[in-house]
Amino acid sequence: MVTLKLSCVVLRDTEYVARSGWSKWREDPSVSLFREYLRLKTVHPEPDYDAALTFLSRMSVELGLPMKKVEVCSGRVVAIITWTGTNPALKSILLNSHTDVVPVYPDCWKHDPFAAVKDVDGNIYGRGAQDMKCVTIQYIEAIRRLKAAGKTFARTIHMMFVPDEEVGGHKGMESFIKHPEFQKLNVGFALDEGLANPTEDFTVFYGERNPWWVTIRCPGSPGHGSRFVENTAAEKLRRVINSFLDFREKEKHRLDMSECFTLGDVTTVNMTMVNGGVAYNVVPAEMDVSFDLRIPPTVNLQVCFEEQIEAWCKEAGEDVSYNFAQKFMHQNTTSTEDSDPWWRAFSSTCKAMSMTLKKEIFPAATDSRFIRAVGLPAIGFSPMNLTPILLHDHNEFLNEQVFLRGIDVYERLVPVLACMPPLTIEG
């Protein structure tokens, strides 16, 4: 009888629950929403975008804010939830996130990657936990809090949710950035995804390396596998591979020897595919090799790098040629000088929260590159410190306390950005 009576008291008295430690059984609603979103299988090669749009439509209703859906390519919809400012003529704030996630190897995960399991330490496992469904929900929950508090801001705030970022963004942000609906957003400053940081610091990204995906075609003399055939495709292929991988070693050495460089400051080269041949005893008439290159914005792409590829092809042998599957040429970066009003607003707010910022060039590619390419400032930022970098890795997770702190961060950041006084170009 005593136990039953105590249980009734505990269930009714929230304050007592918290004091007695029973609160560990009560999950924060924002965490529950995050886990719900993680369970949506927006995973390539067949992401369930309809499920994501249904979820976001519900968020729009809950927030009391309109959502616009723009189909930029067949089956590829950009969703925008808008909180109109008191002075819509001012440039808007864009909070961007992508809805898709990369594939998984389920056998390599300790939990189902789409079950959003939370362990006893509060670590939430799921594909997209870091990249970047956490940020999507942090945006939504920060806006929910601000609206509930009755806040209003001069500048309009757009939360934008785009597809296909994980496969290059060609049917997502790259297409939408050219769409008339993007122009109507009147964007002045954008926030997009960043990376976790295993230290106390928070990493912010002001630029990105350019992704170049290149295939080198090596034609050669065919023949019987029993002969010393001259001028073979394989011989040319070997020279090409040696040239690229020798350069790779030099860049790796630069990174290893410099205390100032991060991965975003050097060019990475990785051989990713080799094709050619029809049978063991037939010397092929053609072979090709593909490379993934990530080039910093400090490198002269046309004069230095493409000319280098041309030289390697010429050195490899007659008729060796190349073509690009992807060749991003824009090298715009966002100012991180204290004189820049957007950066000053962002960094000073972080400093006021005792956050130490570490500025870097993003080592991979995000949708921010398309935003910067049209001359708009964009900062890559995911507020995840004391967290291992696990994007695209097995057992991707985010701790619930880190996740909740991220909501607090956006709750402080968004008002400062949305209350930015009119800039000279707006006056």
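The values are calculated or read from the model by the stated rules, or taken from the named source; none is laboratory data. Note that the structure is predicted; figures quoted are calculated from it, not measured. Backbone-built Cβ (ideal geometry, glycine too); neighbour counts: all protein chains shown.
Summary of computed values
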| quantity | calculated |
| --- | --- |
| Unmet criterion (only one of (1) in contact with a Pro (Cβ under 9 Å, 6 or more places away or on another chain); (2) at pLDDT 95 or above) for Asp288 | (1) |
| Leading residue by the ranking (surrounded by the most Cβ atoms within 10 Å (Cβ to Cβ)) among those in segment 399-409 that are out of contact with any Lys or Arg (no Cβ under 9 Å at 6 or more places or on another chain) and either of a type in the set (Phe, Trp, Tyr) or closer than 13 Å to Tyr125 by Cα (or both) | Phe403 |
| Selected residue [of a type in the set (Val, Ile, Thr), at pLDDT 95 or above and closer than 21 Å to Ala116 by Cβ] from Val102, Val77, Val70 | Val102 |
| Counted residues, segment 1-57 - those being modelled with pLDDT of 95 or more and either over 26 Å from the mean Cα position of the chain (by Cα) or closer than 26 Å to Tyr139 by Cα (or both) | 30 |
| Set Pro47, Pro106, Pro113: member being in the same structural domain as Leu391 (by TED's automatic domain parsing) and surrounded by fewer than 15 Cβ atoms within 10 Å (Cβ to Cβ) | Pro106 |
| Residues that are loosely packed, with under 15 Cβ neighbours inside 10 Å, modelled with pLDDT of 95 or more and among the charged types (D, E, K, R), drawn from segment 291-317 | Glu310, Lys314, Glu315 |
| Those residues of segment 313-346 which are among the small types (Gly, Ala, Ser) and either assigned to a strand (DSSP E or B) or free of Cβ contacts under 8 Å to residues at least 24 places away in the same chain (or both), in sequence order | Ser321, Ala325, Ser339 |
| The one condition in (1) in contact with a helix residue (DSSP H, G or I) (Cβ under 7 Å, 6 or more places away or on another chain); (2) assigned to a loop (DSSP other than H, G, I, E, B); (3) of a type in the set (Ser, Thr, Tyr) that Ser243 fails to fulfil | (2) |
| Every residue from segment 384-395 that is buried (at least 18 other Cβ atoms within 10 Å of the Cβ) and more than 13 Å from the chain's Cα centre (by Cα) | Met384, Asn385, Thr387 |
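So that you can scan it fast, the table gives a plain yes or no per residue for (1) of a type in the set (D, E, K, R); (2) surrounded by 15 or more Cβ atoms within 10 Å (Cβ to Cβ); (3) outside the structural domain of Met173 (by TED's automatic domain parsing):
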{"residue": "Val204", "(1), (2), (3)": "no, yes, yes"}
{"residue": "Val214", "(1), (2), (3)": "no, yes, yes"}
{"residue": "Pro219", "(1), (2), (3)": "no, yes, yes"}
{"residue": "Gly223", "(1), (2), (3)": "no, yes, yes"}
{"residue": "Asn231", "(1), (2), (3)": "no, no, yes"}
{"residue": "Arg238", "(1), (2), (3)": "yes, yes, yes"}
{"residue": "Asn242", "(1), (2), (3)": "no, no, yes"}
{"residue": "Phe247", "(1), (2), (3)": "no, yes, yes"}
{"residue": "Lys250", "(1), (2), (3)": "yes, no, yes"}
